[in-house]
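The values are calculated or read from the model by the stated rules, or taken from the named source; none is laboratory data. Worth saying up front: this structure is predicted, and the values here are computed from it rather than measured. Because the Cβ atoms are built from the backbone with ideal geometry, glycine has one as well, and the counts that use them run over all protein chains shown. Surface accessibility is based on the protein's heavy atoms, side chains included, excluding ligands, DNA and RNA. Shrake-Rupley method; radii C 1.70, N 1.55, O 1.52, S 1.80 Å.
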Amino acid sequence: MNQEKLAAVAAVEKKADLIAEVADRIWAYAELSLQERQSAQLYCEVLEREGFRVEKGICGIETAFSASYGSGRPVIGILAEYDALSGLSQKAGSIERQELTTGGTGHGCGHNLLGAGAMAAALGVKAYLEACGQPGTVVLYGCPGEEGGASKAFMARDGEWKKLDAALTWHPDDTNEVETGSSNSCIQVQYKFTGVASHAAGAPEMGRSALDAVELMNIGVQFLREHMSDKARVHYAITDAGGYSANVVQPRASVLYMVRSNHVSEAVELQARVDRIAEGAALMTDTTYERKFIDGLADTVANHVLERVLYENYQQLGVPSYTEEELAFADALAKTYSCGDYVPGVAAAHDPEAREKVMQQQAAAGHAMNSFLAPLYQGEAFKAGSTDVGDVSWLTPTAQIHVASWPNGCPGHSWQNVSCDGTSIGHKAAVHAGKVLAATAIDLLCQPELLAQARAEFDKRTRAGYTCPIPVGAVPVIPD
């Protein structure tokens, strides 16, 4: 690793206390999707102090921001998230379920670390640009609502990501690896039916049941399942059943639908079929309905060129190291859940040789933290989950890494994650992610041939064109 990158990595390390402080404050705020006002404000204040040009409320999203440093091209974007999850309030550093606030919120997906680590990367690139004086810009994007809001997709609709030459990000995980492959696209729509209330026994003929409409819609979608791709998924939740009185014809009811497919264009088509089922249910029950678009996001487009650059820097920088106290905590936390014969990482999931290597590395470590770098895998890979990073990847070359922030097999969206996210294990992950991303961004700034290769691969993979799942005029909203 050359001296310029080493200096940038050192600059990140010098900011380790700031990175940990920000991560802990975001952890304590634990704000839900599209409500991250304190979190966004904190980032904007810190980044302005650090010399970034900050723009708040970008793309019409209140809690979104951009923070840029430098001038000219290349322009490298780094993606930050900072929303929490409901029902996961938890004491930090505890190996028992201990809510801080009954029924409260918590960072069960580690976005307090994700945002802090992305900020760390931006600080490292800024230090490099200050020292070398070459053209180039780093932009840290504050992207709210990943858990339900898909702000990156709304930004994609508005063309924000087309401004970038490349985008980088990371996510807390139980594994140190470079991520690859695709993911599901996803569209969420809420259907709110309105009928006419009436006495269910005395005047049933006067009533028009909104609950009947919801139930008929659900039945219609059940029959649809036979006639859609086996890679598609349709989920639903009745968010309002109309009330608790059985002797009343329910005048209102609503249901939230989530349509997934491994290609966003297919998800858009499938969503249109679900819409028609809702219309049919309203016709059958003589009710009306309101269609409320919640969010939508695309599948992820891999970029092997960027992944290889990330992996080379990851190899050179190694992985986080832990104290005996941290390892003891991780081992104790791991005893609170079962992961069976789970082996972590995308490589282990798709390559038998890689799986065997990872198992050997785990055994050699002798503790629950996966303190090794998993092999690079660049074959076909698919994850059933969804992320709005996918929409970024359709408009600019994009890649991401995972850094071990939790013990092996720690359940996603769990109190165990929340507990670990507020400890020094999480802090180390955020700092290390910042170093790897910063070093990679510097390579892209200094080696135009890398960006050219990444762009050529991107053009090939996206030649079918981007189908944006966000309708014109839609704004990010929270389901009722």
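Before moving on, here are some points about what is shown:
- Verdict on G51 being farther than 19 Å from P476 by Cβ, of a type outside the set (A, V, I, L, M, F, W, C) and in a strand (DSSP E or B): no
One line per residue, one yes/no per condition, for (1) within 27 Å of H107 (Cα to Cα); (2) open to solvent by 20 Å² or more (accessible area, probe 1.4 Å); (3) acidic (D, E):
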residue	(1), (2), (3)
M1	no, yes, no
E4	no, yes, yes
K14	yes, yes, no
L32	yes, yes, no
Q38	yes, yes, no
L47	yes, no, no
F52	yes, no, no
G60	yes, yes, no
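- Pairs with Cβ under 6 Å, 6+ apart, first in the range 287-305 and free of Cβ contacts under 8 Å to residues at least 24 places away in the same chain, second surrounded by fewer than 20 Cβ atoms within 10 Å (Cβ to Cβ): none
- Residue that is farthest from F372 (Cα to Cα), among those in the range 173-182 that are open to solvent by 10 Å² or more (accessible area, probe 1.4 Å) and in a strand (DSSP E or B): S182
- Candidates are the residues of the range 372-394 that are small (G, A, S) and modelled with pLDDT of 95 or more; the one that is surrounded by the most Cβ atoms within 10 Å (Cβ to Cβ) is S393.
- Those residues of the range 73-93 which are touching a residue at least 60 places away in the same chain (Cβ under 8 Å), in a loop (DSSP other than H, G, I, E, B) and open to solvent by 10 Å² or more (accessible area, probe 1.4 Å), in sequence order: R73, P74, L88, K91, A92, G93
Residues checked against (1) in a helix (DSSP H, G or I); (2) touching a Lys or Arg at 6+ places or on another chain (Cβ under 9 Å):
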residue: L129; (1), (2): yes, no
residue: V139; (1), (2): no, yes
residue: E146; (1), (2): no, yes
residue: G149; (1), (2): no, no
residue: M155; (1), (2): yes, no
residue: W170; (1), (2): no, no
residue: F193; (1), (2): no, yes
residue: A213; (1), (2): yes, no
residue: D230; (1), (2): no, no
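- Residue ID - modelled with the lowest pLDDT, chosen from residues in the range 400-429 that are open to solvent by 20 Å² or more (accessible area, probe 1.4 Å) and within 10 Å of D174 (Cα to Cα): G412
- Those residues of the range 420-435 which are touching a strand residue (DSSP E or B) at 6+ places or on another chain (Cβ under 6 Å) and not small (G, A, S), in sequence order: H432
- Screening Y289 on (1) closer than 30 Å to L168 by Cβ; (2) modelled with pLDDT of 95 or more shows it passes everything except condition (1).
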